[in-house]
Amino acid sequence: MTTGLKPLTDAEAREVELVFRLTKSHLGFVPNSIRTMARQPAILSSFTLMVGNILGQTSDAKSPIWLGIRLVIKNVIWSLRNMRSKDRLPLALKNLVAHVTSGAAGCRYCQAHTIGEARDQGVPIEKLEAVWEFDRSDLFDEAEKSALRFALAAGSHPNGVTANHFADLRKHYTEDQIVELGATIALFGFLNRWNDTFATTLEPESAAFANQHLSASGWEIGKHG
């Protein structure tokens with residue numbers, strides 16, 4: 001498969017030069033995954049901080065501490081800008097994307113949470129109940145169907161995303177928005193693994209709502225009960 005999104009060059013990603021410098025100090029180069037994520041500085045900087053917190057820094061780390069402090073400050077600036085962006089995708093759509101990718105991955109805990117969040121964002125109940133028939137349902141427009149097809153393929157094992165998914169997405173979304181969709185899917189990849197690994201107990205409210213509205217499509221609480 002050809003690359004879904006072209007990695008940015010140093011010149012194209014000049015705004016996130018600090019992140020590139022930190023990455024180079026650890027790896028000696030900037031991975032193309034980072035160059036792709038660079039379209040969304042807030043997402044990239046938040047990811048970089050999370051990686052640093054999980055993998056840790058030894059006392060003899062090559063990166064001077066002031067670079068990390070600068071990244072935290074930049075992250076705040078980029079995050080505020082991101083929250084105010086008019087191009088940011090609706091939270092309701094991202095919760096549906098998260099629900100479908102979590103279902104494909106088999107995480108019942110995250111399915112229950114995301115369907116409840118979608119309801120709280122104003123998605124009608126009949127649409128929530130039809131989410132697993134989205135490709136055949138008139139309740140979903142073509143942009144939503146494109147995003148949900150992407151989510152279903154990305155959450156499957158093995159990953160089923162093809163160049164056709166990106167061609168379809170480009171009819172409805174900018175490249176920055178495609179990164180946002182991909183980040184939503186990847187975030188729930190993390191949460192799917194977390195909650196299935198630890199068999200996180202599903203809260204009663206979420207369990208009741210999921211039982212009422214998702215059981216017809218095969219949802220059950222499983223290990224999360």
Hey, what's the chain come to in accessible area per residue, 1.4 Å probe, Å²?
55
Under 16 Å, Cα to Cα: Lys pairs in segment 61-191, sequence gap 8 or more or different chains
5
Where a ≥ b ≥ c are root eigenvalues of the Cα gyration tensor, a/c under 1.5 meaning rounded, otherwise prolate if a/b exceeds b/c and oblate otherwise, segment 116-225 counts as oblate
Using the Cα centre of segment 1-58 as the reference point, and only Cβ charges (+1 on K/R, -1 on D/E), how large is the resulting charge dipole? Debye, rounded to the nearest 20.
80
Dimensionless Rg/Rh of segment 10-84 - Kirkwood Rh, Rg from C-alpha atoms:
0.94
Carbon plus sulfur fraction of accessible area for segment 91-217, probe 1.4 Å, in percent:
53
If exposed means GluC sites (Glu not before Pro) lying in a DSSP loop and surrounded by at most 14 other beta carbons within 10 Å, then the longest stretch of the chain lacking such sites spans residues 13-219
Please report, ordered by residue number, every helix of the chain (full DSSP H runs) that is 27 Å or longer along its axis going by C-alpha atoms and whose mean Kyte-Doolittle hydropathy reaches 0.0.
65-84, 175-197
Name the residue, out of W132, W78, W66, whose mean-square fluctuation peaks in a Gaussian network model built on the chain with Cα pairs under 10 Å.
W66
Trypsin sites (Lys or Arg not before Pro) within segment 140-186: which are DSSP loop residues with at most 12 other Cβ atoms inside 10 Å?
K171
Kindly provide the chymotrypsin sites (Phe, Trp or Tyr not before Pro) of segment 154-225 that DSSP labels as loop, not H, G, I, E or B, and whose Cβ sees at most 16 other Cβ atoms within 10 Å.
F198
What does the convex hull of the Cα atoms of the chain come to per residue, in Å³, rounded to a whole number?
145
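The values are calculated or read from the model by the stated rules, or taken from the named source; none is laboratory data. As the structure is a prediction and not an experimental result, all values here were calculated from the model. Because the Cβ atoms are built from the backbone with ideal geometry, glycine has one as well, and the counts that use them run over all protein chains shown. What goes into the accessible areas is simple: the full protein's heavy atoms, side chains included, and nothing from ligands, DNA or RNA. Shrake-Rupley method; radii C 1.70, N 1.55, O 1.52, S 1.80 Å.
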